[in-house]
Structure formats: structure tokens, C-alpha cells
1. Condition test on Glu272, is it assigned to a helix (DSSP H, G or I), at pLDDT 95 or above and more than 27 Å from His16 (Cα to Cα)?
2. If I filter the stretch 43-61 for residues that are over 19 Å from the mean Cα position of the chain (by Cα) and closer than 17 Å to Cys107 by Cβ, do I get at least one hit?
3. Give the stretch 85-139 a look and list any residue that's in contact with a Phe, Trp or Tyr (Cβ under 6 Å, 6 or more places away or on another chain), assigned to a helix (DSSP H, G or I) and touching a residue at least 60 places away in the same chain (Cβ under 8 Å), or say none.
4. I'd like to check which helices (runs of 4 or more DSSP H) are fully inside the stretch 201-263 and have at least 1 residues that are charged (D, E, K, R) and more than 30 Å from Gly56 (Cα to Cα).
5. Any idea how many residues of the stretch 191-200 are surrounded by 21 or more Cβ atoms within 10 Å (Cβ to Cβ) and in a loop (DSSP other than H, G, I, E, B)?
6. Going through Thr74, Thr69, Thr103 one at a time, which residue ends up being surrounded by 20 or more Cβ atoms within 10 Å (Cβ to Cβ) and not hydrophobic (A, V, I, L, M, F, W, C)?
7. Of everything in the stretch 35-79 that's part of a loop (DSSP other than H, G, I, E, B) and among the polar types (S, T, N, Q), which residue is nearest to Asp181 (Cα to Cα)?
Amino acid sequence: MNYYIYGFTDKGNYRHHNEDAMLVGHNIIQNGGIEATVSAPSLTAVCDGVGGEHKGEIASRLCLQYLSTIKYSTATDMSHEVLKIHNNIKKYGVDHNHVNMQTTLCCLAIDENGSGMCVNVGDSRLYRYVNGKVRQISTDQTYGRFMYEQGDINDIDELEPKMRSAIISSMGSVMQEPKIDCIPFTTYFGKEDDDTVFLCSDGFSDFVSTDEIEIAMSLDLPFKDKIEALCELALKNGSMDNISIIGIKPYRSEEELEKITAPVVEEPFVPEIATEEKDLADKSIADLEQLINDLS
């Protein structure tokens, strides 16, 4: 199985620099879009430098640099490898006077057999889209989620927003070791024709719902355009953070890859049969919002 990957990251409308970083193929980027085609085994990841801590943008990039050196296979102990990365980030911070620089890590690991696994620390997310539906595979490592799972609150919304979203596990923290979640996929990645994975930072996930992702994925657009339109939607919906999203789509043949990446062929415009999908072809975020409102 082969995989087409497209990722897009942006500092957003309010931040002066981007503390997010993405690992796509063999490349680490912190600005703009990037695409790649890879074969198994592979690691794809997003990191989000923890806001308010020292040098989050260095921590996120450094985390992915270490991650990219792992020769992943079924024999790899990812919990052990991620813990080593955590300790290396701590050491780098001490050596360079950036003590306690931190980042999240959310990774899709695909082994040589094509089996997928989510590796997560923090509150960046991995979603899986199958049969037209999106579900979250990772679990947010936040204070609100922790209190809810402990039974101390009945609803996360009972907490103030800052307390609700405060992360309780990260890479590079000098206060505690990270909680490393390794969650194997229950079905083979690519079994269904529409099987897709999304990795994203909370600047995206806090402002774009799973319903909106499902609607965007149903549109007759190249995969790349869907990802960029979703990023624009996050900004339009009020995101004040850095925004990153990576989409990973399995393919078996060059013909399938062509379907994923080929531009949409414009049909002659006939007003009486115009659809919302044609209206979105120019990636107008206003049209995407209207579509979502009409279908909600």
C-alpha cells in the first residue's frame, strides 16, 4: 500500500510566529503546504509548541527531527522511542538555556504490513474518516478530560475554558514524564475506499467540527483543496491559534493516485443545475459556510 499525504500549516491571523510543525515524508515544515507520496513503513506527525512556554517552535521542530530518525517497524517500541525523544528535548533545553520548552506530538505510524497506529502526547488529534464518517482516535490529554474520566465532573463544560483545555502531558516538560498513548487501528488502514487519516493541532480541531470535515470530504475536489479549504474554515470560524492539518490517503495504483490529486474538470455552467459543490470549486470559504449551514 502507498500513501498520498498533504499537509498545510499557517501561523494564523493573530500569532506572530508558528509554533506548529509537521513531518510529511522526510520533510519538516512550519509554514505553508507540502505533499508527498510514501510507502510503508512510515511516520507522519504534527507537533504544537505549548503556548506560554519557552521556545515552543523549537520544541515542536526538534521533536519531529528526532522522530524522523526512527526506523519504524512492527518491532519498534514506540513508547520507549517517544520517551527518548522527550528526554532529548529536555536535555536540549537545559543545554541551550530554554528550560521547559514543550510540545504536543500526534503521529500516525504505519508498519511494514500496512497496519496503522496512533501515537499521541498532548491535545493534538488524530481523526479517521471511514464510510463517510469521522471519529476521533486520539484522546485529548487535558485537565477537563482527566477530571471527566475520573468522575469528578459530569461534563467538561463545567470547567472554565482555560482549565478545560489545559494540557496535562507534553514532550519536554521538566515537571513530569509524558503519558504516551499508543492506539492500534482496529481495521487495516486502506481497507475501505474512502479511508483517510487527519492529524491536526488544536488551532484547527477547536474550530472545525467533525460534521464540517465530513461535508468537506464529500465534495468533488482534489484532496489538497479539501485540506486547504478546511484550514480556511478554521480561520473563518475564529481560530486565534496556529493551524495545522495533515491528510493521509492510501492508494493502490497510479490510477487511484490520479483520482486523489487530479484537478476537477469544470463542466459548462448551467444555472438551473448548479450545485453547492460547484459553488465551492473556487475554495470560497463563504460558500463552504453556507453549505454547512444548509445541511445542518
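The values are calculated or read from the model by the stated rules, or taken from the named source; none is laboratory data. None of the values given here were measured: they were computed from a predicted structure. Note that we place each Cβ from the backbone using ideal geometry, even for glycine, and neighbour counts take in every protein chain shown.
1. Values: assigned to a helix (DSSP H, G or I): yes; at pLDDT 95 or above: no; more than 27 Å from His16 (Cα to Cα): yes.
Criteria not met by Glu272.
2. No, the stretch 43-61 contains no residue that is over 19 Å from the mean Cα position of the chain (by Cα) and closer than 17 Å to Cys107 by Cβ.
3. Hit for the stretch 85-139 is Ile85, nothing else.
4. On the way: elements: 202-205, 210-217, 223-236, 254-261.
Helices (runs of 4 or more DSSP H) meeting the threshold: 210-217, 254-261.
5. Quick first cut of the stretch 191-200, residues surrounded by 21 or more Cβ atoms within 10 Å (Cβ to Cβ) only: 196-200.
Keeping just the survivors that are in a loop (DSSP other than H, G, I, E, B) gives none.
Result for the stretch 191-200: 0.
6. On inspection, the qualifying residue turns out to be Thr103.
7. That would be Thr76.
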